[in-house]
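Inspection log for the structure reproduced underneath, given as structure tokens.
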Amino acid sequence: MNDAQLLRYSRHLLLEDIDVEGQEKLLNAHVLVIGAGGLGSAAAPYLAAAGVGHITLVDHDDVELTNLQRQIMHTEAMVGKSKVVSGKQFLQELNSGIQVETIQSKANSFLLDELLPSVDIVLDCTDNFSTRHLINASCVQHQKPLVSGSALRFDGQVSVFDPRNETSPCYACIFSPEETFEEVSCATMGIFSPLVGIIGTIQAAQALQVLIQFGEPLIGRMLLWNARTTQVDQIRITRNADCPVCSKNH
């Protein structure tokens, strides 16, 4: 690190769990953030501020006025423009010393096969089951850790799935891709504005923990946040021996 970086990240360097070695891991890391909406708008800025050296932001959508209630990475001036263009501008104004790559596209298997070999961790900040299952399957295939978050109305959840860990479940161990779930969205169900900020920043924190390798990330656990009651719960989750995605039986 140069002198400017030593000063910029000095509060991280004071933490024994991070120190210079941990900060250098962040500076050399490549994080893929899929979704530049509510969750991504909270997660990506904290990754950038923390000094993650390379962030790839994927989203197909444009900024709408209704997004501004919760998607704090976008401003009124960016309404009608691409979310990844808006996001890149925000992140680089926050930290000009990092590389921000943007891809205006929906996540698909071909894109993920191209991107995942070069990244260190993936953040799923999307809002539908089919895309989450696609991302999960790709992470299992490429052996990349995945930080999964979701938020709707007043409820949010976060977990970490790490296929490099033999005991770690994957997303499909909990929500079977063979089942049919009714898709719901913020547009029809509503969402409490700060909820996506809470869940997204927890996703960022989990990613930093996995990258630096300190503490106990949410592997084998799912954190549940109820914004209505301000209650935090955890449930233990285990690997499904018959999981169609990560089980060796398949």
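Each reported figure results from applying straightforward, stated rules to the coordinates on display, with no laboratory input. A quick note: this is a predicted structure, and the numbers were derived from the prediction, not measured. Glycine also receives a Cβ, built like all others from the backbone with ideal geometry; neighbour counts cover every protein chain displayed.
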Notebook entry, point to check: In Å and whole numbers, how far do the C-alpha atoms of segment 38-158 stretch along each principal axis, longest first?
Noted result: 40, 36, 24
Margin query: So, R0 is 30 Å and r is the distance between the beta-carbons of Ser176 and Leu111; what FRET efficiency does that work out to, to 0.05?
Written below: 0.80
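Could you compute the FRET efficiency for Lys248 and Arg228, with r as their C-beta to C-beta distance and R0 at 51 Å, rounded to 0.05?
Using R0 = 51 Å, I get an efficiency of 0.80.
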Checklist line | Kirkwood Rh, Cα atoms: Rg over Rh of segment 3-236 | finding: 0.94
Notebook entry, point to check: Relative contact order of segment 3-236: what whole-number percent is it, with Cα pairs under 8 angstrom and at least 6 residues apart?
Noted result: 21
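Using a cut-off of 15 Å between beta-carbons, work out the net charge of the residues near His142 (Lys and Arg +1, Asp and Glu -1, His142 not included).
Cβ neighbours under 15 Å give a net charge of -3.
So what is the calculated 222 nm ellipticity per residue for the chain, using -39500 (n - 2.57) for each DSSP H run with n of 4 or more, over all residues, to the nearest 500 deg cm²/dmol?
One gets -10500 deg cm²/dmol as the mean residue ellipticity at 222 nm.
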Item checked: Residues of type aspartates and glutamates that Lys248 reaches as a straight line, Cα spacing below 16 Å, ignoring anything fewer than 8 places off in the same chain -> Asp162, Glu166
Note to self: Using Stokes-Einstein with the Kirkwood hydrodynamic radius over Cα pairs, what translational diffusion coefficient do you get for segment 90-178 at 4 °C and a viscosity of 1.567 mPa s, in µm²/s rounded to a whole number?
What the structure shows: 91
Notebook entry, point to check: Scanning the chain for helices, which whole DSSP H stretches are 18 Å or more long along the axis (Cα) and average -0.5 or more by Kyte-Doolittle?
Noted result: 38-50, 129-142, 193-212
Next item on the list: Place the peptides 110-122, 228-240 in order of packing, highest mean first, counting for every residue the other Cβ atoms within 10 Å and averaging per peptide.
Entry: 110-122, 228-240
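Under a Cβ-Cβ cut-off of 11 Å, what is the net charge of the residues other than Gly35 that fall near it, where Lys and Arg count +1 and Asp and Glu count -1?
Summing Lys and Arg as +1 and Asp and Glu as -1 gives -1.
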